[in-house]
1. Check Thr202 against each of (1) modelled with pLDDT of 95 or more; (2) assigned to a strand (DSSP E or B) and name the one condition it does not meet.
2. Restricting attention to the stretch 211-252, report how many residues are within 25 Å of Glu310 (Cβ to Cβ), charged (D, E, K, R) and either surrounded by fewer than 16 Cβ atoms within 10 Å (Cβ to Cβ) or touching a residue at least 60 places away in the same chain (Cβ under 8 Å) (or both).
3. Quick one: what pairs do we get from the stretch 63-82, first residue of a type in the set (D, E, K, R), second assigned to a loop (DSSP other than H, G, I, E, B), C-beta under 7 Å, 6+ apart or different chains?
4. Give just the number: which of (1) at pLDDT below 95; (2) crowded, with 18+ Cβ neighbours inside 10 Å does Ala278 not satisfy?
5. Whether any residue in the stretch 297-312 is among the aromatic types (Phe, Trp, Tyr) and farther than 26 Å from Asn46 by Cβ is what I want to check.
6. Restricting to strands (runs of 3 or more DSSP E) lying wholly in the stretch 234-329: which have 2 or more residues that are in contact with a helix residue (DSSP H, G or I) (Cβ under 7 Å, 6 or more places away or on another chain), within 30 Å of Lys38 (Cβ to Cβ) and among the β-branched types (Val, Ile, Thr)?
7. Mind listing just one residue for me: the one in the stretch 295-340 that is within 27 Å of the chain's Cα centre (by Cα) and of a type in the set (Val, Ile, Thr) and, of those, surrounded by the fewest Cβ atoms within 10 Å (Cβ to Cβ)?
8. For the stretch 179-207, give me each residue that is exposed (fewer than 13 other Cβ atoms within 10 Å of the Cβ) and over 23 Å from Glu340 (Cα atoms).
Amino acid sequence: MKALKYILFLLLILFIGFAIYIAVQPNEYEFNRSRIIKAPTPVAYNTVNDFKEWPRFSPWIEQDKNAVLAYKDTTSGVGAGYSWEGEDLGIGSMKTIDVLDNKMIEQEIEFVEPMESKSNIVWTFEPVEEGTKVTWAMKGKQDFMTKAYVAFAGSIEKNTAPDFERGLFKLDSIVKADMSKYTIDVEGITQHSGGFYIYNTTSAKMEDFKQKMQEMMPQVGGYAISNNITMAGKPFVIYHKWDLENNTVMFSCCVPTTSKIITSDPNVLTGQLEPFKAVKTTLKGDYSNLQEAWDKAMAYVKNNNLIQLETGIAIESYIKGPDDSPNPADWLTEIYLEVE
């Protein structure tokens, strides 16, 4: 009996000591993980901001594909939210409580089962040279039961941070995949309406074409704006000569106008396109796919026994571009290839 009393007394001391150990543990926890997402900041931000995108990168939904998700009427911005119920996920919900466009998203996550708890989630988005630095942070309070749990299972950071890292990896993957989507539609024969335009022109090595165009197009657009010239549509490029043998291209950067403009700048000229018959091809996606779009347009000409004049007009019209959307998958370019 005496030995049993000593054992019980020792157990009591151990229990009290363990309880004290748990009680003095931090009342709060906070950690974060970051990753460079190779995408413009608005693209990364918009993906995280919309809860309907979360099943694509959430590491937890990935582990419980049979979980039932329910969305609020609003899925992005302040007031947005969704809830889940699953065998592995348990029961819980998340809502957005504050946003700062393209910079920060603050959310609250609440678990009901298997254990009740609330935490704050903060996303921050920082433009960097390679794309966007996305930081996913979590913080919350630790009650006695939570402290007891982490004493055996390890800290919340230890258990949760690998999921954050996995989620950021998946976010990077899906954003890059989304930006690379494109479609090419050869619409066939159409009539280009022609019209007046102002332009500048040059020739360049093919490898220098992109840089040259990026320098020249703002000069024409800037001239139109500074001289209050009404633009009649989207900017376009006319290809006068594409010489693969000599690795040169001659082209003009153009802005359509509602009438003939007499320019005062010798580097900005006035032109006019007469209406012409053309094969129209539309690219929705990044400009890196333009070569394929041109190849399909020319293949259409050949396969349909159409005649392409040696001096015929070849146009790229930039209907929707980087100024309209940060996501290249949304860009829209129309190609017109003159035929008889």
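The values are calculated or read from the model by the stated rules, or taken from the named source; none is laboratory data. Predicted, not measured: the structure shown is a model, and the values here were computed from it. With ideal geometry, Cβ positions are generated from the backbone for all residues, glycine too; neighbour counts draw on all protein chains shown.
1. Answer for Thr202: the failing condition is (1).
2. 3
3. Cβ pairs passing all conditions: Asp64/Glu87; Asp64/Asp88; Asp64/Leu89; Lys72/Ala80.
4. (1)
5. Yes, the stretch 297-312 contains a residue that is among the aromatic types (Phe, Trp, Tyr) and farther than 26 Å from Asn46 by Cβ.
6. none
7. Ile319
8. Thr183, Lys205, Glu207, listed by residue number.
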